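Heads up: the structure comes next, in structure tokens.
The values are calculated or read from the model by the stated rules, or taken from the named source; none is laboratory data. Bear in mind the structure is a predicted one, so any value in this text is a computation, not a measurement. Methodologically, a virtual Cβ is constructed for each residue, glycine included, from the backbone with ideal geometry; neighbour enumeration extends over all protein chains shown.
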Amino acid sequence: MDQKNLISPKAGDPLSIGQLAERTGVTVSAIRFYEDKGLVQPTRNPGGQRRFKRADVRRISFILIAQQLGLTIREIGEALTSLPDQRTPTQSDWARISTSLKDRLDQQIEDLTRMRGRLDSCIGCGCLSLKACQLYNPQDRLGRLGAGPHFGVTDLPD
């Protein structure tokens, strides 16, 4: 990083993209990607350089945590749209987002627990019996549900 990015901005000053990258530990290209997806919205100075609000440090931190929890960029964007644009989000703003994500995470935990239970009985069972195998899919009946694995992710249809 060049020397100008290592200089600490005064409190309240907007951050350059390099300063935001340094503060959050993400790459400049990741910040540009988040901007492209509408997750952060910098302004431009007279020279056309991006300038970020100090509150964007928290937004980027939230994005990183949400990605680790398995949220999609779309889901992260939906959560962030509830934050105020004209002021720094407060603790209650962040608590509201946290509360709204708990149902989604509870469902994800339930799905993962169900899949973990099925691993022992299905994958690599070695039963070699199509009558007992829960993965057997005669006439590709699961194909009606679309691409990808369905058993273990959703309940087996009748």
**Asked** Hey, does the range 78-92 have a residue that's in a helix (DSSP H, G or I), free of Cβ contacts under 8 Å to residues at least 40 places away in the same chain and more than 19 Å from the chain's Cα centre (by Cα)?
**Response** yes
**Message:** Being of a type outside the set (Lys, Arg) and either loosely packed, with under 11 Cβ neighbours inside 10 Å or modelled with pLDDT of 90 or more (or both): is that true of Leu130 here?
**Reply:** yes
**Fill in**
Of the residues in the range 2-35, those that are modelled with pLDDT of 95 or more, charged (D, E, K, R) and either more than 25 Å from Thr81 (Cβ to Cβ) or exposed (fewer than 10 other Cβ atoms within 10 Å of the Cβ) (or both) come to Glu22
**Request:** Could you list, in sequence order, all residues of the range 24-78 that are under 17 Å from Ile97 (Cα atoms), basic (Lys, Arg) and in contact with a Leu (Cβ under 8 Å, 6 or more places away or on another chain)?
**Result:** Arg59
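Condition test on Ser61, is it surrounded by fewer than 11 Cβ atoms within 10 Å (Cβ to Cβ) and in a helix (DSSP H, G or I)?
On the way: surrounded by fewer than 11 Cβ atoms within 10 Å (Cβ to Cβ): no; in a helix (DSSP H, G or I): yes.
So Ser61 does not fit the description; no.
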**Prompt:** Within the range 57-73, how many residues turn out to be over 14 Å from Phe33 (Cα atoms) and among the charged types (D, E, K, R)?
**Reply:** 1
